[in-house]
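**Student:** Questions regarding the structure given below will be posed in turn.
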Amino acid sequence: MPRDDGIGASVRRKEDFRFVTGQGSYTDDLNRQGQTYAAFVRSPHAHATLNSVNTSAAAAMDGVVAIFTGQDLLDAEVNGLPCGWQVHSKDGEPMVEPAHPALAQGKVRYVGDAVAVVIAETLGQARAAAEAVEVDYGVLPAVGNMTAAKSGKAQLFEEAPNNQCYDWELGDEAEIDAAMAKAAHVVELPLVNNRLIANPIEPRVAIGDYDTATGEHTLFTTSQNPHVIRLLMGAFVLGLPEHKLRVVAPDVGGGFGTKIFHYAEEAIVTWAAAKVRRPIKWTSDRSEAFMTDAHGRDHETVAKLGLDADGEFLALKVQTDANMGAYLSTFAPAVPTYLYATLLAGQYTTPLVYANVRAWFTNTVPVDAYRGAGRPEATYVIERIVEEAARQIGMDPADLRAKNFISPDAFPYQTPVALEYDSGNYAGTLEMAKQAINYDGFAARQAASKAAGKLRGIGFSAYIEACGIAPSAVVGSLGARAGLYEVANVRVHPTGSVTMHTGTHSHGQGHETTFAQVIAERLGVPIENVDVVHGDTNNIPFGMGTYGSRSLAVGGSALAKALDKVEAKAKKIAAHLMEASDTDVEFKDGQFTIAGTDKSVAFGDVALTAYVPHNFPHDELEPGLEEQAFYDPANFTFPAGCHIAEVEIDPETGTVTLANFVAADDFGNIVNPMIVEGQVHGGIAQGVGQALLEGCVYDEDGQLVTGSYMDYAMPRADNLPNFTVDTQVTPCPHNPLGVKGCGEAGAIAAPAAVMNAVTGALRAAGVTKPIDMPATPSKVWAALHAS
Amino acid sequence: MASVSMTINGKQVSGEVEGRTLLVEFLREHQRLTGTHVGCDTTQCGACTIHMNGEAVKSCTMLAVQADSAEVSTIEGLANGDELHPMQEAFREHHGLQCGFCTPGMIMSATALAKRNPSPSEADVRHWLEGNLCRCTGYHNIVKAVMAGARAMNA
């Protein structure tokens with residue numbers, strides 16, 4: 001009988017008690033003895049020379065402890081923020097990688113770029129003094145979007161004369177052009193992947209502390225990956241060795257990618273705390289978050305799909321411009337290249353794929369990974385153009401997809417864009433989704449809407465993603481400057497309870513429960529006797545953190561390996577206690593037994609023996625029962641599935657109502673179905689948000705127009721329906737748990753599904769020119785009235 | 001500086017605050033009741049929702065001195081020791097939270113709804129929660145939790 005707290009059970013979350021009772025411990029809930037407060041002076045201009053920064057009046061104000069400018073950082077030899085990935089252009093040249101000072105030096109390059117930091121006794125005093133810092137800006141022309149950047153109206157960096165960061169390609173352009181020339185149908189589609197702001201509800205916070213007695217620096221920060229921050233900040237920015245630098249990311253209120261990156265404020269509070277010998281706390285307000293958290297997406301693409309007369313895909317050619325913003329954020333260059341173009345085969349057998357990606361600097365906040373990172377953009381391109389092709393050649397969109405799917409017996413499948421898919425059953429999830437939404441009944445529902453004066457549309461999105469990031473050797477060969485393995489430590493205590501340390505980080509994903517379920521299942525201990533610890537570099541051996549749906553696929557695999565070691569050692573101890581050979585010992589449900597005998601010993605007795613080793617095989621084993629494993633994945637994992645959206649449009653107002661949304665996903669094996677469903681719901685909401693509501697707007701001169709929740713339309717409870725979600729299981733063949741990752745699927749799949757539904761409904765009303773996201777009422781209304 | 005006194009979670013408290021001190025600052029920084037969160041500066045996100053004199057209000061949008069003499073309750077006052085309030089239990093049971101940051105505001109808002117409407121429909125809940133942002137859950141499980149929690153509170 002399966003355990004009710006083991007693998008496959010919807011165990012209620014261990015972390016919830018503290019959250020529902022208001023006892024979570026988020027970074028802003030922490031205060032340090034003698035703490036001071038930081039406020040930043042930020043540029044109101046998108047592009048300007050810093051003629052002078054005069055801090056003398058501010059420094060004389062009440063409560064001011066210190067003020068630092070970019071010049072102070074330069075004098076102290078504090079380096080700029082590093083970029084973690086180097087992309088090479090198609091001519092072999094490395095990307096342009098300008099310095100990214102933590103406080104602006106010489107020039108400011110986006111609205112919100114930090115010029116100085118004021119440290120004071122109270123937050124009010126810090127803010128008041130920040131207002132009094134006199135900055136003489138020499139305002140320069142600015143480029144607020146990629147079109148302006150290409151025009152050369154302004155130049156951000158000397159080393160990037162045309163504002164281009166790189167011009168990268170994957171595939172053979174001549175070959176693809178030749179194939180396209182022979183195609184019976186060529187479908188061309190321009191697409192904009194709108195710029196988004198991640199908007200975790202907890203704003204970023206950083207507290208720096210310095211222990212004069214030990215020389216240890218501590219940073220408390222809202223991060224998805226404390227070890228990555230320690231590595232980047234310690235080794236590259238501040239020159240601090242790991243053993244004197246502790247980074248703690250306690251409870252974190254959502255991340256969605258934007259809390260991966262190493263931010264200037266983290267380095268500044270850490271460095272300045274040692275300078276002023278006082279702890280320093282900085283808490284972003286929401287306006288600051290809009291201006292300084294790395295944004296996501298922001299692609300402009302023209303895609304071309306060639307098909308033969310029967311609808312078989314022959315070639316896909318994609319030209320994409322990607323906005324990097326004003327500086328290169330931590331993983332920015334990888335997002336529109338190796339996390340994007342490598343997914344452009346989608347679920348299909350398209351034999352030839354070519355992508356050319358040009359990345360541009362603009363006077364906007366840096367752009368980096370946001371939930372899905374590159375894969376939503378790839379899915380949007382493929383699934384929009386496939387739907388458009390179906391419409392143009394008059395085929396059912398589900399049939400066109402099914403015709404071109406990689407078949408379930410073709411795995412492992414080498415795509416033309418570098419990746420080798422490990423497993424999948426795409427027809428299975430397509431069929432599951434069609435059933436869930438009652439695809440056959442759509443025509444009747446559309447007719448009913450029409451009778452009521454409404455337009456109805458249905459749209460598919462058959463997505464694939466590369467998760468379980470990532471095999472270190474592979475990403476290293478592609479330009480990553482770090483490895484992407486994961487680490488687990490399993491400490492069995494003398495009484496048989498267990499503490500597990502993981503290098504992944506939970507900021508909503510429920511690792512404290514999911515990982516504990518794996519341990520309960522494997523060791524046969526009740527889940528309440530298992531604690532999962534993350535988020536503190538002083539506690540955790542090492543780790544690369546949580547993003548790219550990697551925690552269970554990589555961190556869970558490390559856990560499985562560590563459990564293998566625990567089990568192997570425990571078996572030897574049990575064998576000694578039972579006076580048998582360890583090869584004869586079986587372990588199940590927390591009991592060690594010898595087949596064919598009535599001998600048995602409980603896991604708890606073995607644990608106790610390991611720590612009270614009176615009767616112990618000392619010649620063979622060390623006392624204790626604690627094991628650690630690093631796991632570097634053999635391949636990415638490839639979650640895939642099919643989402644279908646159905647929308648109703650009121651042609652009088654242009655309002656789009658999401659009438660139904662179904663998701664059929666294949667995440668491999670599932671440890672906690674309840675948590676997985678929650679992850680899918682959240683992802684869908686963000687994807688629907690991108691399609692219907694959200695859009696970050698800068699004006700041409702680089703002023704941020706959507707700088708608050710009054711201007712940036714976040715999905716709210718009354719914008720969304722309930723979602724129908726289901727899963728199919730095709731286990732991952734190359735990791736020990738057979739898991740693939742579920743965190744990003746919704747955000748990857750949903751935008752194309754919703755926009756295919758919207759454009760489908762509009763097409764039925766005679767609008768053939770597709771509209772871009774977000775499909776706001778005004779945009780939809782205008783499209784209807786232009787037709 | 002001004003003196004304020006109020007009842008918070010049944011306990012009489014008083015303090016000296018600046019005139020500009022927000023109620024949420026008084027709760028978080030003066031009283032160290034950090035369960036009430038701050039997620040925005042335009043009264044849009046609802047993470048700071050508390051009850052004042054029985055009504056759900058956003059504590060980032062009022063001054064501490066405006067709560068003088070009021071009865072305030074926060075997320076910390078809901079559970080009875082280890083025994084969760086029915087709305088807290090419903091959020092746990094229905095996985096109505098992920099990162100937990102919006103959760104205190106959601107729960108405080110939801111209990112106020114349940115007092116007005118003992119059996120809210122899905123549409124009622126979605127409409128009522130329009131002033132509380134969640135970025136994690138897509139609201140699906142929050143809506144389920146609030147409907148179940150309201151029924152349990154009024155059972």
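**Student:** Out of (1) closer than 30 Å to A:T379 by Cα; (2) assigned to a helix (DSSP H, G or I); (3) not polar (S, T, N, Q), what's the single condition that is false for A:L231?
**Tutor:** Exception for A:L231: condition (1).
**Student:** In addition: Name every residue in region A:422-448 that is in contact (Cβ under 8 Å) with a residue 12 or more places away in the chain, of a type in the set (G, A, S) and surrounded by fewer than 20 Cβ atoms within 10 Å (Cβ to Cβ), in order of residue number.
**Tutor:** If the condition is that a residue be in contact (Cβ under 8 Å) with a residue 12 or more places away in the chain, of a type in the set (G, A, S) and surrounded by fewer than 20 Cβ atoms within 10 Å (Cβ to Cβ), then A:A427, A:G428, A:A436 are the ones that fit.
**Student:** How many residues are in contact with a His (Cβ under 7 Å, 6 or more places away or on another chain) and in contact (Cβ under 8 Å) with a residue 60 or more places away in the chain if we restrict to region A:489-526?
**Tutor:** Qualifying residue count, region A:489-526: 4.
Here's the yes/no breakdown for (1) buried (at least 24 other Cβ atoms within 10 Å of the Cβ); (2) at the interface with chain A (Cβ under 8 Å from one of its Cβ atoms):
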residue: B:G54; (1), (2): no, no
residue: B:V57; (1), (2): no, no
residue: B:L63; (1), (2): no, no
residue: B:G81; (1), (2): no, no
residue: B:F91; (1), (2): yes, yes
residue: B:H127; (1), (2): no, yes
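**Student:** Being in contact with a strand residue (DSSP E or B) (Cβ under 8 Å, 6 or more places away or on another chain), away from chain B (no Cβ under 14 Å) and among the polar types (S, T, N, Q): is that true of A:T221 here?
**Tutor:** Numbers: in contact with a strand residue (DSSP E or B) (Cβ under 8 Å, 6 or more places away or on another chain): yes; away from chain B (no Cβ under 14 Å): yes; among the polar types (S, T, N, Q): yes.
So A:T221 fits the description; yes.
**Student:** If you take the residues in region A:632-649 that are in a loop (DSSP other than H, G, I, E, B) and within 20 Å of the chain's Cα centre (by Cα), which one is farthest from A:D440 (Cα to Cα)?
**Tutor:** Start the filter on region A:632-649 by keeping residues that are in a loop (DSSP other than H, G, I, E, B), which leaves A:632-636, A:638-639.
The next check asks that each one be within 20 Å of the chain's Cα centre (by Cα); those that pass are A:632-633, A:635-636, A:638-639.
Working: A:D632: 45, A:P633: 41, A:N635: 38, A:F636: 36, A:F638: 29, A:P639: 27 Å.
Taking the candidates together, the pick is A:D632.
**Student:** B:D41 versus (1) within 11 Å of chain A (Cβ to nearest Cβ); (2) at pLDDT 95 or above: which is the lone unmet condition?
**Tutor:** The number of the failed condition is (2).
**Student:** Another question, if that's okay. Working only within region A:557-596, note down all residues that are in a loop (DSSP other than H, G, I, E, B) and either surrounded by 15 or more Cβ atoms within 10 Å (Cβ to Cβ) or touching a helix residue (DSSP H, G or I) at 6+ places or on another chain (Cβ under 8 Å) (or both). Even if it seems obvious, please write down each step before you answer.
**Tutor:** Let us first name the residues in region A:557-596 that are in a loop (DSSP other than H, G, I, E, B), namely A:579-581, A:589-590, A:595-596.
Within region A:557-596, A:A580, A:S581, A:G590, A:A595 meet the criteria.
**Student:** Residue by residue through region B:2-31, note down the ones that are of a type in the set (V, I, T), under 20 Å from the mean Cα position of the chain (by Cα) and farther than 22 Å from A:D28 by Cα. Let's see the steps before the verdict.
**Tutor:** Of region B:2-31, the ones of a type in the set (V, I, T) are B:4, B:7-8, B:13, B:17, B:21, B:24.
Among the residues that remain, those that are also under 20 Å from the mean Cα position of the chain (by Cα) are: B:7-8, B:13, B:21, B:24.
Scanning region B:2-31 gives B:T7, B:V13.
**Student:** Which residues, taken from region A:722-756, are touching a helix residue (DSSP H, G or I) at 6+ places or on another chain (Cβ under 9 Å), surrounded by fewer than 18 Cβ atoms within 10 Å (Cβ to Cβ) and either in the same structural domain as A:F515 (by TED's automatic domain parsing) or in a loop (DSSP other than H, G, I, E, B) (or both)? Spell out the reasoning first.
**Tutor:** Start the filter on region A:722-756 by keeping residues that are touching a helix residue (DSSP H, G or I) at 6+ places or on another chain (Cβ under 9 Å), which leaves A:722-728, A:730, A:732, A:735-737, A:739-756.
When the remaining residues are screened for being surrounded by fewer than 18 Cβ atoms within 10 Å (Cβ to Cβ), the result is A:722, A:724, A:726, A:736.
A:N722, A:P736, listed by residue number.
**Student:** Restricting to region B:20-38, what's the tally of residues that are within 11 Å of another protein chain (Cβ to nearest Cβ) and not small (G, A, S)?
**Tutor:** At the first step, the residues of region B:20-38 found to be within 11 Å of another protein chain (Cβ to nearest Cβ) are B:20-21, B:25, B:27-29, B:32-38.
Cutting the leftovers down to not small (G, A, S) gives us B:20-21, B:25, B:27-29, B:32-34, B:36-38.
Result for region B:20-38: 12.
**Student:** Suppose we keep only residues that are of a type outside the set (A, V, I, L, M), farther than 26 Å from A:G254 by Cβ and buried (at least 24 other Cβ atoms within 10 Å of the Cβ) within region A:639-665. Which one would you say is nearest to the other protein chains (Cβ to nearest Cβ)? Lay out the reasoning, then the answer.
**Tutor:** If we filter region A:639-665 for residues that are of a type outside the set (A, V, I, L, M), which is where we start, we get A:639, A:641-643, A:646, A:648, A:650-655, A:657, A:660-661, A:665.
Imposing the further condition that a residue be farther than 26 Å from A:G254 by Cβ reduces the set to A:642, A:646, A:648, A:650-655, A:657, A:660.
Filter once more, so that each one left must be buried (at least 24 other Cβ atoms within 10 Å of the Cβ): A:642, A:646.
Details: A:C642: 18, A:E646: 17 Å.
Applying the filter and picking the extreme gives A:E646.
**Student:** When you go through A:G296, A:G257, A:G253 one by one, which is the residue that is touching a Cys at 6+ places or on another chain (Cβ under 6 Å), within 14 Å of chain B (Cβ to nearest Cβ) and farther than 16 Å from A:V78 by Cβ? Walk me through how you get there before you give the answer.
**Tutor:** Numbers: A:G296 fails: touching a Cys at 6+ places or on another chain (Cβ under 6 Å); A:G257 fails: touching a Cys at 6+ places or on another chain (Cβ under 6 Å).
Within the list A:G296, A:G257, A:G253, the selection yields A:G253.
**Student:** I would also like to ask the following. How many residues, within region A:411-421, are under 18 Å from A:T730 (Cα atoms) and either out of contact with any strand residue (DSSP E or B) (no Cβ under 8 Å at 6 or more places or on another chain) or surrounded by 20 or more Cβ atoms within 10 Å (Cβ to Cβ) (or both)?
**Tutor:** So the answer is 1.
**Student:** Being within 14 Å of chain B (Cβ to nearest Cβ) and not in a loop (DSSP other than H, G, I, E, B) is the filter; apply it to region A:698-720 and report the residue that is nearest to A:P774 (Cα to Cα).
**Tutor:** Applying the filter and picking the extreme gives A:N719.
**Student:** Next up: Going through region A:663-705 one residue at a time, which ones are polar (S, T, N, Q) and more than 16 Å from the chain's Cα centre (by Cα)? Reasoning before the result, please.
**Tutor:** Restricting attention to region A:663-705, the residues satisfying the condition of being polar (S, T, N, Q) are A:669, A:672, A:679, A:686, A:690, A:703.
Once the filter is applied, which keeps residues that are polar (S, T, N, Q) and more than 16 Å from the chain's Cα centre (by Cα), region A:663-705 yields A:N669, A:N672, A:Q703.
**Student:** Inspect all residues belonging to region A:293-310 and state whether any of them is in contact (Cβ under 8 Å) with a residue 40 or more places away in the chain, part of a helix (DSSP H, G or I) and more than 28 Å from A:G760 (Cβ to Cβ).
**Tutor:** Checked region A:293-310: no residue is in contact (Cβ under 8 Å) with a residue 40 or more places away in the chain, part of a helix (DSSP H, G or I) and more than 28 Å from A:G760 (Cβ to Cβ).
**Student:** Filter region A:16-34 for residues that are in a loop (DSSP other than H, G, I, E, B) and facing chain B (nearest Cβ under 7 Å); which is nearest to A:A289 (Cα to Cα)?
**Tutor:** Initial filter on region A:16-34 (in a loop (DSSP other than H, G, I, E, B)): A:21-25, A:30-34.
With the extra rule that they be facing chain B (nearest Cβ under 7 Å), the set shrinks to A:21-24.
Details: A:T21: 27, A:G22: 23, A:Q23: 24, A:G24: 22 Å.
For region A:16-34, the residue satisfying everything is A:G24.
**Student:** Among (1) of a type outside the set (G, A, S); (2) more than 30 Å from A:Y698 (Cβ to Cβ); (3) in a strand (DSSP E or B); (4) touching a Phe, Trp or Tyr at 6+ places or on another chain (Cβ under 7 Å), where does A:V186 come up short?
**Tutor:** In the conditions (1) of a type outside the set (G, A, S); (2) more than 30 Å from A:Y698 (Cβ to Cβ); (3) in a strand (DSSP E or B); (4) touching a Phe, Trp or Tyr at 6+ places or on another chain (Cβ under 7 Å), A:V186 misses (4) alone.
Residues are listed down the side, and each one gets a yes or a no for (1) more than 14 Å from chain B (Cβ to nearest Cβ); (2) within 29 Å of the chain's Cα centre (by Cα); (3) touching a residue at least 12 places away in the same chain (Cβ under 8 Å); (4) under 30 Å from A:G171 (Cα atoms):
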| residue | (1), (2), (3), (4) |
| --- | --- |
| A:S56 | yes, no, no, no |
| A:D62 | no, no, yes, no |
| A:P82 | yes, yes, yes, yes |
| A:S89 | yes, yes, yes, yes |
| A:E97 | yes, yes, yes, yes |
| A:H100 | yes, yes, yes, no |
| A:E134 | yes, no, yes, no |
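**Student:** Another question about this same structure. Which condition breaks for B:L133 when tested against (1) assigned to a loop (DSSP other than H, G, I, E, B); (2) within 9 Å of chain A (Cβ to nearest Cβ); (3) surrounded by fewer than 19 Cβ atoms within 10 Å (Cβ to Cβ)?
**Tutor:** Result: B:L133 passes all but (3).
**Student:** Counting only residues that are within 14 Å of chain B (Cβ to nearest Cβ) and of a type in the set (A, V, I, L, M, F, W, C), which one in region A:188-206 is farthest from the chain's Cα centre (by Cα)? Can you show your working first?
**Tutor:** First pass over region A:188-206, keeping only residues within 14 Å of chain B (Cβ to nearest Cβ): A:196-205.
Subset that is of a type in the set (A, V, I, L, M, F, W, C): A:196-198, A:201, A:205.
Working: A:L196: 13, A:I197: 13, A:A198: 10, A:I201: 16, A:V205: 19 Å.
Step by step, filter region A:188-206, then rank; the result is A:V205.
**Student:** Identify all residues within region A:103-117 that are assigned to a loop (DSSP other than H, G, I, E, B) and out of contact with any Asp or Glu (no Cβ under 9 Å at 6 or more places or on another chain); write none if there are none.
**Tutor:** Just the residues of region A:103-117 that are assigned to a loop (DSSP other than H, G, I, E, B), to begin with: A:103-106, A:109-113.
Listed by number, the residues that qualify are A:Q105, A:G106, A:R109, A:Y110, A:V111, A:D113.
**Student:** Give me the strands (runs of 3 or more DSSP E) completely within region B:10-92, filtered to those with at least 2 residues that are farther than 27 Å from B:G138 by Cα, ordered by residue number.
**Tutor:** B:11-17, B:71-73
**Student:** Looking at A:H262, A:H299 in this structure, which one is in contact with a helix residue (DSSP H, G or I) (Cβ under 6 Å, 6 or more places away or on another chain) and farther than 29 Å from B:F101 by Cβ? Full working, then the answer.
**Tutor:** Working: A:H262 fails: farther than 29 Å from B:F101 by Cβ.
Among A:H262, A:H299, only A:H299 is in contact with a helix residue (DSSP H, G or I) (Cβ under 6 Å, 6 or more places away or on another chain) and farther than 29 Å from B:F101 by Cβ.
**Student:** Consider A:A482 against the criteria (1) under 15 Å from A:V554 (Cβ atoms); (2) buried (at least 21 other Cβ atoms within 10 Å of the Cβ): it satisfies all of them except one. Which criterion is unmet?
**Tutor:** (2)
**Student:** Check whether at least one residue in region A:35-44 is more than 30 Å from A:G106 (Cβ to Cβ) and either within 7 Å of another protein chain (Cβ to nearest Cβ) or in a loop (DSSP other than H, G, I, E, B) (or both), and report yes or no. Break it down stepwise before answering.
**Tutor:** Going through region A:35-44, the residues more than 30 Å from A:G106 (Cβ to Cβ) turn out to be A:35.
Now narrow it down to the ones that are either within 7 Å of another protein chain (Cβ to nearest Cβ) or in a loop (DSSP other than H, G, I, E, B) (or both): A:35.
The answer is yes; a qualifying residue exists.
The values are calculated or read from the model by the stated rules, or taken from the named source; none is laboratory data. What you see is a predicted model; the values in this text were computed from it and never measured. Backbone-built Cβ (ideal geometry, glycine too); neighbour counts: all protein chains shown.
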